[in-house]
Amino acid sequence: MATSTSSPTYLGGMGWNAMSLKIGRLPSVPLDALSFGNHHKALRESLLLNTNSYSGGVNAAADGLIYDENRDLRVFVESLSLEDYIDYLFLNTLHRKATAAEQQGLYDFLVNTRNYTDTQTVEGVDFEVIRTSQYLNLTEEVFDYISRLPELYYFTSIGQ
Amino acid sequence: MNRRLFLKALAAVGGGAIIPQTVSLSSLSSMYKQANAAINYTSVNISASSVPSVMPQIINIFLYGGPSELAGNLSNIADIEQNSQSKYTDFFPGIVDSQDVATDGLVTPSGFWGSNKSGINNEADRGAGGDDMQFLLDQGQMSVYRTMMKRKNTSQSHRESILMSQKGSLDIDFAPGFGYKLAALISENRALYEANTSLADGTPISSLANGVESLVMPFVSVLDGDTRIFDKDSSVTVPLLFNGISVDSALNNPFSRSIPNPGADPVAEEAALDAIVQKSLNESSRDYSEVVEAFKLRQELADAMGVYDTADLTVLPTIVPGDLSNPDFVANGNSATLAYLDTSVGRSLRAAVTLAIENPATLFATVGGAFGGWDDHNNGVDRYPRRMREVFEALRVAMMHIKYSHNSATQINSLNRPTDNIIINVFGDFGRRVNLNTSLGWNHGNNQNFYTLGGARPGLRTAAGSDALGKVVGNTNRVGNAGEDRQFTKPATGSYEFEPMSVAANIYKYFGVDYASSPISASNPDPLTSYEDPNNAGQFIDFGSPPIEEDPTKNGAV
């Protein structure tokens, strides 16, 4: 996949096939516009926005982020609140929870703009529950956001 | 893919590729730059009277590995054949004979490696691009310089040679790339261009909203990635788009970004997500500036390249008149339809030329990686001629593409503009020896050909412009002992010659640097091509290299 020139994840498109031209290249990760553009596109479109790459239960393969191998919603996923589910997706990609500002912004986007949730009232308190049919779409939206974060493209060294 | 694989994929495609925050590219270049004095771009000899009235557009083709000179220089082939370890005639029977039906010769009138005019019976009859070279020369669209000779630094290592050429200086460690120096030159002297210069479509730079800063994709790398030609000079800041922008050979828009599940107002939805990103960045104390900058570039390029995304690059102008009276028609295989070879070479050159024609603001494009490697130590007889044919067929089509777009509505943007400001340069790391070694290839040498095409506009190359084209410049001799590997060509006594760094100086000249009235000397080192001793400020290891002498009355052209 990464060696096929027609693949979005072709390493040459990201400027990583370092030995193909022997020398004459920078000694670091290519950040020229095309290399980074292809890297961003590959990461975003081939992985983060491609729900088959993580949802689980595709061809009964195995448990994924969202579904089990029978394509049923994973029990613990179903038990997560919207806020916790957002954190779950952040932890799986960025290794941190969403900040308060991110929680607030994404909550508003997913609930009010996208309408991916239903309002339930328990003991007089309203809270939002992700619709069972909208887990994939909601996950895509959160991953779309995460793909826009510069920090996704950095490796944070120990001690920072 | 299960969750475990997803995480591994993220680590591989994401985490494995990302940038350690402690050392970034800009910090590396800053470290380099501390070792020598900053270039003062405003001290360069450039003035209102020397900047061009129309911005030149340069396509720089770099052949990595260093190709043999033989395709463009068989002037010494009889002597070479007599002394070579392996015999050329064992593989190319007609290579010592002039192109003639009677002899099955391959040598064109100007000494290029052409085809067998009595008929193509096998691969050896096809030549090494000499027919297209001869055509381009005869039509006044190309000149060949046979004596681009490394004398100041005779290292034949790839690294040093590439860097000397791509930095336009002997200072291979600290100097910026010559593409970046050109960007800085224009940026730092922007007032001169904004007051005196137009783009080739007639747009005065002064009419652009932010002058030179409004130029779209002025410095481009076509499939050449992070080439050293755009190595930065951290002592100056240039507009964001002046940093070499790399594009692919289809001019596809890799910078576009669609949003998933768009609702009624996708633009507003995207803006909402970006607003959260901005908020997150504002709250962060970490430095993500390199990727932030890359994202900004992505957005600007997504907008700038939108027009090319759906364009059919294979649609080229037609040769007119399309009949046997037109040498272009004949050279194009008796066809009026132009088409680049559908190869990496053809596609990348098509992209560069298309961009130059359709976007007069593209001032400098570098192409190279797509042309493959030319380090033919072994089996050169099998590989070299075929690939040189491919290069020069692509160049012939490129020149026709440029010629038939001249003052005629262009295919994508319907511009009506002159194209005689577009120049294509072709060269590589260094030359090669001329002894055909026992592995049937050539080891490294110091003399190489420099091919330069187009740009007949008066005042660009010379006052008349066109008199600099259609010429062969420089004479060579074979030197070295018979039967030994160390045989090469060098400039004949009295022959004009120049260093590879002069290619960069020549491009600076096109953009207005006046070397004629202020020649490089010990008392007048060239800020752009000199090499200041990093350990002794003010002391120069090299005062610089002058531009190529293109005046045929001064360079001995024939």
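The values are calculated or read from the model by the stated rules, or taken from the named source; none is laboratory data. No experiment lies behind these values; they were computed from the predicted model shown. Cβ sites come from the backbone with ideal geometry, for glycine too, and all protein chains shown count toward neighbours.
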| task | Looking only at the stretch B:156-171, decide whether some residue is over 30 Å from B:Val238 (Cα atoms), assigned by TED's automatic domain parsing to the domain that holds B:Leu63 and surrounded by fewer than 22 Cβ atoms within 10 Å (Cβ to Cβ). | result | yes
| said: Would you confirm, using the coordinates I've provided, whether B:Arg298 is more than 30 Å from B:Ile507 (Cβ to Cβ) and in contact (Cβ under 8 Å) with a residue 12 or more places away in the chain? | reply: no
| Cβ-Cβ under 6 Å pairs, at least 6 apart or on other chains, the stretch B:438-453 side under 13 Å from B:Gly65 (Cβ atoms), far side surrounded by 22 or more Cβ atoms within 10 Å (Cβ to Cβ) and of a type in the set (A, V, I, L, M) | B:Gln448/B:Met148
| Restricting attention to the stretch B:347-358, does a residue exist that is more than 17 Å from the chain's Cα centre (by Cα) and within 21 Å of B:Phe511 (Cα to Cα)? | yes
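Yes/no matrix, rows are residues, columns are (1) of a type in the set (D, E, K, R); (2) within 21 Å of B:Thr337 (Cα to Cα):
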residue: B:Arg389; (1), (2): yes, yes
residue: B:Ala394; (1), (2): no, yes
residue: B:Val397; (1), (2): no, yes
residue: B:Asn407; (1), (2): no, yes
residue: B:Ser414; (1), (2): no, yes
residue: B:Gly431; (1), (2): no, no
residue: B:Val434; (1), (2): no, no
residue: B:Asn437; (1), (2): no, no
residue: B:Gly445; (1), (2): no, no
| task | Check A:Tyr135 against each of (1) touching a residue at least 40 places away in the same chain (Cβ under 8 Å); (2) over 26 Å from A:Arg74 (Cβ atoms); (3) of a type outside the set (Val, Ile, Thr) and name the one condition it does not meet. | result | (2)
| Out of the stretch B:335-351, which residues are outside any helix (DSSP H, G or I) and either touching a Gly at 6+ places or on another chain (Cβ under 9 Å) or surrounded by 14 or more Cβ atoms within 10 Å (Cβ to Cβ) (or both)? | B:Ser335, B:Ala336, B:Thr337, B:Leu338, B:Ala339, B:Tyr340, B:Leu341, B:Thr343
| task | Go through (1) β-branched (Val, Ile, Thr); (2) surrounded by fewer than 20 Cβ atoms within 10 Å (Cβ to Cβ); (3) closer than 30 Å to B:Arg257 by Cβ and name the single condition B:Thr318 misses. | result | (3)
| task | Scan the stretch A:119-159 for residues that are among the charged types (D, E, K, R) and closer than 20 Å to A:Leu94 by Cβ and report the count. | result | 5
| Would you call B:Pro239 crowded, with 16+ Cβ neighbours inside 10 Å and touching a Ser or Thr at 6+ places or on another chain (Cβ under 9 Å)? | yes
| message | Residues that are closer than 22 Å to B:Glu390 by Cβ, modelled with pLDDT under 95 and not aromatic (Phe, Trp, Tyr): does the stretch B:131-144 have at least one? | response | no
| Can you pull out the residues in the stretch B:88-108 that are touching a Leu at 6+ places or on another chain (Cβ under 9 Å) and not acidic (Asp, Glu)? | B:Tyr88, B:Phe91, B:Phe92, B:Pro93, B:Gly94, B:Ile95, B:Val96, B:Ser98, B:Gln99, B:Leu106, B:Val107, B:Thr108
| request: Working only within the stretch B:298-341, note down all residues that are of a type in the set (Asp, Glu) and either closer than 25 Å to A:Asn38 by Cα or under 25 Å from the mean Cα position of the chain (by Cα) (or both). | output: B:Glu300, B:Asp303, B:Asp309, B:Asp312, B:Asp328
| said: Suppose the filter is modelled with pLDDT of 95 or more and not assigned by TED's automatic domain parsing to the domain that holds B:Arg190; does B:Ala35 pass it? | reply: no
| field | Residues of the stretch B:205-230 satisfying the condition of being more than 10 Å from chain A (Cβ to nearest Cβ) and part of a helix (DSSP H, G or I) | value | B:Ile205, B:Ser206, B:Ser207, B:Gly211, B:Val212, B:Glu213, B:Ser214
| query | Within the stretch B:118-138, can one find any residue that is hydroxyl-bearing (Ser, Thr, Tyr) and surrounded by 24 or more Cβ atoms within 10 Å (Cβ to Cβ)? | reply | no
| request: With the checklist (1) touching a residue at least 40 places away in the same chain (Cβ under 8 Å); (2) at negative phi in hand, flag the one item B:Arg383 doesn't pass. | output: (1)
| field | Residue list for the stretch A:27-56, restricted to those being surrounded by fewer than 20 Cβ atoms within 10 Å (Cβ to Cβ), at pLDDT below 85 and not hydroxyl-bearing (Ser, Thr, Tyr) | value | A:Pro27
| helices (runs of 4 or more DSSP H) fully within the stretch A:43-160 counting 3 or more residues that are within 18 Å of the chain's Cα centre (by Cα) | A:82-93, A:100-108, A:135-147
